[in-house]
Amino acid sequence: MTRAAAFFDLDKTVIAKSSALAFGRPFFNGGLINRRVVLKTAYAQFVFSLAGADAQQMERLRAQITAMCTGWDAATVNDIVRETLHEIVDPLVYAEAADLIEEHRAAGREIVIVSSSGAEMVEPIGEMLGADRVVATRMVTAEGRYTGEIEFYAYAENKAAAMRRLAEEGGYDLADCYAYSDSITDLPMLSAVGHPTAVNPDRALRKAALQRGWPVRQFERPVSMRARFSAPPTPVVTGAAMGVGAAVVGLAWYARHRALRAGLAAGTPAPVPGRRRRRGA
């Protein structure tokens, strides 16, 4: 029996922001960047949340990030990310994405996060989401520090190539696999599987999806993963009970409303809400 996987882009597909830019404040607090860089990353995050990023913007972002982190101690970055992960990323996960991940896992498919962001950010996020595998950009280090060079850039066609390698290693049939992304730059990733879906697509990807007959979905509800999984499970019967309760309330309202209308028609004054009638009145 062939295995299958569900491949998820990360930014604006599973989480509501750019994972590469989300850690600006913790990096500032850790002494890695100054206030001016924090403001630049905040602005870039704002622009990304509004319009996403095309190929030119992604290249500019890649150059800025690699230049910024050159010389950083890799262990310090890993520590900061893991210490602040739940504070920074936990509230950004789309509830719809979390539901979809659970559905694919229940169907026996492996969950793979495929992101252009650095492995230092993506791998802990993948662990938080319960992903089986992660594909992410890898930076070159020398003596424990980033050199500014990139070993593997998980972007565009590189994502699709990595997915094909994983399929070969894991025994996936890509025709039975699923993929989700928001960006036209991930067209190769979506085209590599038999079941692609555009999620929160930019204008170019929406057009391409419509032309190809791919599903288009909107994810809009970020939810705290800790709150989601720490909440007590709700039995199925609770939903039925709520439905019955709503029906009873509805019938009671209808009966009272009908009685009021009958009283008004007979000339009986309607009672004032919240005021008790005096005895003998």
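The values are calculated or read from the model by the stated rules, or taken from the named source; none is laboratory data. Here the structure is a predicted model, which means the values were calculated and not measured. Every residue, glycine as well, gets a Cβ built from its backbone with ideal geometry; the counts of neighbours run over all protein chains shown.
Here is a list of conditions, (1) part of a helix (DSSP H, G or I); (2) crowded, with 20+ Cβ neighbours inside 10 Å, and S117 meets all of them except one; can you say which number that is?
Status for S117: all satisfied but (1).
List the pairs whose first member sits in segment 6-24 and is on the phi > 0 side of the Ramachandran plot, whose second member is assigned to a helix (DSSP H, G or I) and among the polar types (S, T, N, Q), and whose Cβ atoms are under 9 Å apart, counting only residues at least 6 apart or on separate chains?
K12/S49
Scan segment 1-37 for residues that are assigned to a loop (DSSP other than H, G, I, E, B), among the small types (G, A, S) and crowded, with 20+ Cβ neighbours inside 10 Å and report the count.
Counting residues in segment 1-37 that are assigned to a loop (DSSP other than H, G, I, E, B), among the small types (G, A, S) and crowded, with 20+ Cβ neighbours inside 10 Å gives 3.
Of all residues in segment 63-79, which are surrounded by 15 or more Cβ atoms within 10 Å (Cβ to Cβ) and either under 17 Å from V37 (Cα atoms) or not assigned by TED's automatic domain parsing to the domain that holds E151 (or both)?
Correct list: Q64, I65, T66, M68, C69, W72, V77.
Only residues that are surrounded by 12 or more Cβ atoms within 10 Å (Cβ to Cβ), among the charged types (D, E, K, R) and either closer than 19 Å to F8 by Cβ or at pLDDT 95 or above (or both): list them for segment 218-238, please.
If the condition is that a residue be surrounded by 12 or more Cβ atoms within 10 Å (Cβ to Cβ), among the charged types (D, E, K, R) and either closer than 19 Å to F8 by Cβ or at pLDDT 95 or above (or both), then R221, R228 are the ones that fit.
For segment 124-137, which positions are under 20 Å from A167 (Cβ atoms) and surrounded by fewer than 20 Cβ atoms within 10 Å (Cβ to Cβ)?
D132, R133
Quick test for you: out of P215, P196, pick the one residue that is on the phi < 0 side of the Ramachandran plot, at pLDDT 95 or above and exposed (fewer than 12 other Cβ atoms within 10 Å of the Cβ).
P215
Taking the criterion of being within 30 Å of E87 (Cα to Cα), touching a His at 6+ places or on another chain (Cβ under 9 Å), surrounded by 13 or more Cβ atoms within 10 Å (Cβ to Cβ) and among the aromatic types (F, W, Y), would at least one residue in segment 165-187 satisfy it?
yes
Surrounded by fewer than 16 Cβ atoms within 10 Å (Cβ to Cβ), in contact with a strand residue (DSSP E or B) (Cβ under 7 Å, 6 or more places away or on another chain) and of a type in the set (A, V, I, L, M): does that describe V112?
No, not satisfied.
Take segment 47-59 and flag every residue that is assigned to a helix (DSSP H, G or I) and modelled with pLDDT under 75.
If the condition is that a residue be assigned to a helix (DSSP H, G or I) and modelled with pLDDT under 75, then V47, F48, S49, L50, A51, A55, Q56, Q57, M58 are the ones that fit.
Scan segment 132-142 and give yes if some residue there is assigned to a loop (DSSP other than H, G, I, E, B) and not polar (S, T, N, Q), otherwise no.
The answer is yes; a qualifying residue exists.
Which one is farthest from the chain's Cα centre (by Cα), of the residues in segment 161-190 that are farther than 24 Å from R62 by Cα and of a type in the set (G, A, S)?
G171
Quick one: would you say A44 is within 30 Å of Y172 (Cα to Cα), surrounded by fewer than 23 Cβ atoms within 10 Å (Cβ to Cβ), out of contact with any His (no Cβ under 6 Å at 6 or more places or on another chain) and at pLDDT below 80?
no
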